[in-house]
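Inspection log for the structure reproduced underneath, given as structure tokens.
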Amino acid sequence: MDFAKDDARKIIENLPEQATWDDIMYQFYVKKKITTSIEAAEEGRIMTHEDVRKRVIKK
């Protein structure tokens with residue numbers, strides 16, 4: 001199991017020395033979004049592209 005603190009360290013270590021707070025926060029945001037999406041897919045909480053199209057077109 002990955003821990004957020006370990007992931008945060010890895011992200012920061014891989015950024016260039018001149019990285020800004022915005023750069024760091026963006027990388028954290030991307031990591032969180034990817035992690036959340038993978039968890040949703042593994043749990044079956046996803047919709048096909050076609051299902052989304054049908055849902056959007058109805059409204």
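Every number here is computed from the coordinates shown, using simple stated rules; none is lab data. All of these numbers come straight from a predicted model, not from anything done at the bench.
How many lysine pairs in the chain, separated by 8 or more positions in sequence or lying on different chains, have Cα atoms less than 19 Å apart?
For the chain, qualifying lysine pairs total 6.
In sequence order, what are the phi-derived ³J(HN,Hα) couplings for segment 29-39 according to the Karplus relation 6.51 cos²θ - 1.76 cosθ + 1.60 with θ = phi - 60°, rounded to whole Hz, with x for glycine and proline?
4, 4, 4, 5, 4, 5, 4, 4, 5, 5, 4
Rounded, prolate or oblate: which fits the chain, taking a ≥ b ≥ c as square roots of the Cα gyration tensor eigenvalues, rounded meaning a/c under 1.5, else prolate when a/b beats b/c?
Oblate, because a/c is 1.5 or more while a/b does not exceed b/c.
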